[in-house]
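Written below as C-alpha cells is the structure these notes are about.
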C-alpha cells in the first residue's frame with residue numbers, strides 16, 4: 001500500500017525546519033546555519049541530529065541528494081516532489097492548529113488578566 005502524504009505527519013520541529021531550509025539545494029552545514037536563522041535561534045542542531053534526520057528523510061524519499069560540482073566533497077540535498085507536498089501539508093496542519101486555538105487562548109488570557117485585578 002502506498003503511503004499517503006498524511007502518513008509522514010506530524011513532523012518534528014527539527015525536521016520541519018530542515019525541509020524549510022531545503023527550499024533551495026544546500027549541504028549539511030548550510031542547512032544547520034539556515035535552520036538557526038529561519039527559526040530565529042530557537043532551533044540549533046548538531047551534526048548528529050542533522051545527519052540522522054537527513055538519512056531518515058532520504059530513505060522516505062522526502063529529500064534526495066543533489067548533484068553538484070564533482071570537486072566539492074560535501075553532500076548536497078534537495079526536496080523531492082513528495083517532500084514539497086509533506087512540507088506544505090505540515091504547514092497547513094500547523095496553521096489550522098493555531099487558527100482553531102486562537103479564540104480559546106485569547107479567552108484564557110482574558111481570564112488570567114481578570115484574576116490579577118482582584
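Kindly indicate whether residue 74 is touching a strand residue (DSSP E or B) at 6+ places or on another chain (Cβ under 6 Å) and either surrounded by 11 or more Cβ atoms within 10 Å (Cβ to Cβ) or under 15 Å from residue 12 (Cα atoms) (or both).
Against the criterion (touching a strand residue (DSSP E or B) at 6+ places or on another chain (Cβ under 6 Å) and either surrounded by 11 or more Cβ atoms within 10 Å (Cβ to Cβ) or under 15 Å from residue 12 (Cα atoms) (or both)), residue 74 qualifies.
Within the stretch 77-91, how many residues are over 16 Å from residue 34 (Cβ atoms) and within 12 Å of the chain's Cα centre (by Cα)?
Taking the stretch 77-91 first, the residues over 16 Å from residue 34 (Cβ atoms) are 80-82, 84-86, 88-91.
If we keep only those that are within 12 Å of the chain's Cα centre (by Cα) too, we end up with 84, 86, 88-91.
So the answer is 6.
Evaluate the following for residue 94: is it touching a helix residue (DSSP H, G or I) at 6+ places or on another chain (Cβ under 7 Å) and either surrounded by 11 or more Cβ atoms within 10 Å (Cβ to Cβ) or part of a strand (DSSP E or B) (or both)?
Working: touching a helix residue (DSSP H, G or I) at 6+ places or on another chain (Cβ under 7 Å): no; either surrounded by 11 or more Cβ atoms within 10 Å (Cβ to Cβ) or part of a strand (DSSP E or B) (or both): yes.
Judged against the criteria, residue 94 is not a match.
Considering only the stretch 1-15, state which residues are touching a helix residue (DSSP H, G or I) at 6+ places or on another chain (Cβ under 9 Å) and within 18 Å of residue 49 (Cα to Cα).
Passing the criteria: 10, 11, 12, 14, 15.
Which of the residues spanning the stretch 7-63 are over 21 Å from residue 81 (Cα atoms) and not in a helix (DSSP H, G or I)?
39, 40, 41, 42, 43, 44, 45, 46 - these are the residues of the stretch 7-63 that are over 21 Å from residue 81 (Cα atoms) and not in a helix (DSSP H, G or I).
Where a number appears in this text, it was derived from the coordinates with a stated rule and is not lab data. In this text, all values refer to a predicted model and were calculated from it rather than measured experimentally. FYI the Cβ positions are ideal-geometry reconstructions off the backbone, even for glycines, and counts take in every protein chain you see.
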